[in-house]
Amino acid sequence: MQIVSSPEEMRRIAQQVRQEGKTIGFVPTMGYLHEGHLSLVQKAKKASDFTVVSLFVNPTQFGPQEDLDRYPRDFHRDRELLEKVSVDLLFAPEKSALYPEGFSTVVRVEGLTDRLCGQSRPWHFGGVTLIVCKLFHLVQPQAAWFGQKDYQQCQVIRRMVRDLDFGIQIHVCPIIRESDGLAMSSRNRYLQPEERKQAPVLVRSLAAANQLFLEGERSAARLVSAIHSTLARSPEARIDYVEVVDAESLEPIETVVNPAVAMIAVYFGQTRLIDNHILGEDLSY
Ligand code: AMP
């Protein structure tokens, strides 16, 4: 596995790989890898001649009071995991190389980013679109793999890629969960033992709404209310939002007619966890 930190070197290798007629598959990550990340890597590897994984804790998607400094990092472990699955190239740039003095450009997708996670973290998606845009230019993939765990992020990136004619295929992969249903996340390690014990209430609340949906319930308000009642059973859970929205536009709906997704963000102590489920798809917890 090649390890590259220089953006210029990354661009040069990508150009060379493409000149050889090979396809580049790309998985952007912030590291501290788990099986969720590795599931994307496996899919990228299967579909591409040359697989690139990036590892960069992107400062522009964190708010001033957020966990940028204490975000978990373990470069050696990440490198070993990626070597084991035979990734071709690990791109791990320095902050100063991607955001040099005087950096002043913004990349903003409007509308889609105002709601849900964008409401409580208004800076977040601007940082995501900016870094993904830069990484796409450097890595020059034909296709990139993202996790449904960050459902809104996937929709935002799809919109950016469409609006700005990137010509990159965006694949969205299923959420990988712990055995008790908690969606895997690098941030789960922040949870105190009691919080960790209660955290699967997220997936159980989504499963409750899904069950109601399968029984014929189509009122978004009643589906949301089922999620609230399940979450209320966990004394540690503090709700940021619970919504049932159109799966494509993420607009609020009254009645589920087209594909819809139940989306939640819940605090356990200082830790904010997100989860979601496309109503009608399998979910048994
Ligand atoms: P992150 O390192 O948190 O920025 O995540 C990098 C990529 O991995 C994103 O596309 C995430 O959506 C995806 N991802 C994170 N957790 C999971 C999970 N539990 N299952 C599937 N994909 C995930």
Please tell me if residue 238 is under 22 Å from residue 284 (Cβ atoms), in contact with a strand residue (DSSP E or B) (Cβ under 8 Å, 6 or more places away or on another chain) and open to solvent by 80 Å² or more (accessible area, probe 1.4 Å). no
I'd like the residue in the range 167-193 that is of a type in the set (Gly, Ala, Ser) and either without any contact (Cβ under 8 Å) to a residue 40 or more places away in the chain or touching a helix residue (DSSP H, G or I) at 6+ places or on another chain (Cβ under 6 Å) (or both) and, out of all such residues, is nearest to residue 285 (Cα to Cα). 181
Looking only at the range 3-13, decide whether some residue is within 13 Å of the ligand (Cβ to nearest atom), of a type in the set (A, V, I, L, M) and open to solvent by less than 10 Å² (accessible area, probe 1.4 Å). no
With the checklist (1) open to solvent by 10 Å² or more (accessible area, probe 1.4 Å); (2) polar (S, T, N, Q); (3) in a helix (DSSP H, G or I) in hand, flag the one item residue 249 doesn't pass. (3)
Test residue 59 against the stated conditions and say whether it is surrounded by 18 or more Cβ atoms within 10 Å (Cβ to Cβ), at pLDDT 95 or above and either more than 19 Å from residue 176 (Cβ to Cβ) or within 19 Å of the chain's Cα centre (by Cα) (or both). no
From the list 222, 177, 233, 189, which one is loosely packed, with under 15 Cβ neighbours inside 10 Å and either within 16 Å of the ligand (Cβ to nearest atom) or of a type in the set (Phe, Trp, Tyr) (or both)? 189
Looking only at the range 78-100, count how many residues are open to solvent by 80 Å² or more (accessible area, probe 1.4 Å) and either touching a helix residue (DSSP H, G or I) at 6+ places or on another chain (Cβ under 6 Å) or not in a loop (DSSP other than H, G, I, E, B) (or both). 5
Does residue 116 satisfy the condition of being in contact with a Leu (Cβ under 8 Å, 6 or more places away or on another chain) and at pLDDT 95 or above? yes
What about residue 132, is it in contact with a strand residue (DSSP E or B) (Cβ under 7 Å, 6 or more places away or on another chain) and near the ligand (Cβ under 9 Å from one of its atoms)? no
Looking at residue 103, is it of a type in the set (A, V, I, L, M, F, W, C), farther than 29 Å from residue 177 by Cβ, open to solvent by 20 Å² or more (accessible area, probe 1.4 Å) and more than 19 Å from the chain's Cα centre (by Cα)? yes
Here are the criteria: (1) more than 12 Å from the ligand (Cβ to nearest atom); (2) open to solvent by less than 30 Å² (accessible area, probe 1.4 Å); (3) not charged (D, E, K, R). Tell me which single one residue 169 does not satisfy. (2)
Output yes when any residue across the range 29-44 is away from the ligand (no atom under 16 Å from the Cβ), under 26 Å from residue 154 (Cβ atoms) and in contact (Cβ under 8 Å) with a residue 12 or more places away in the chain, and no when none is. no
Tell me whether the range 119-135 contains one or more residues that are in a helix (DSSP H, G or I) and touching a Lys or Arg at 6+ places or on another chain (Cβ under 7 Å). yes
Select from the range 152-166 the residues that are open to solvent by 20 Å² or more (accessible area, probe 1.4 Å) and in contact (Cβ under 8 Å) with a residue 24 or more places away in the chain and write down the one among them that is nearest to the ligand (Cβ to nearest atom). 153
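The values are calculated or read from the model by the stated rules, or taken from the named source; none is laboratory data. The model shown is predicted, which means the values in this text are computed figures rather than measured ones. Positions of Cβ are generated from backbone atoms using ideal geometry, with glycine treated the same way; all protein chains shown enter the neighbour counts. Heavy atoms of the whole protein, side chains included, go into the accessibility calculation; ligands, DNA and RNA do not. Shrake-Rupley method; radii C 1.70, N 1.55, O 1.52, S 1.80 Å.
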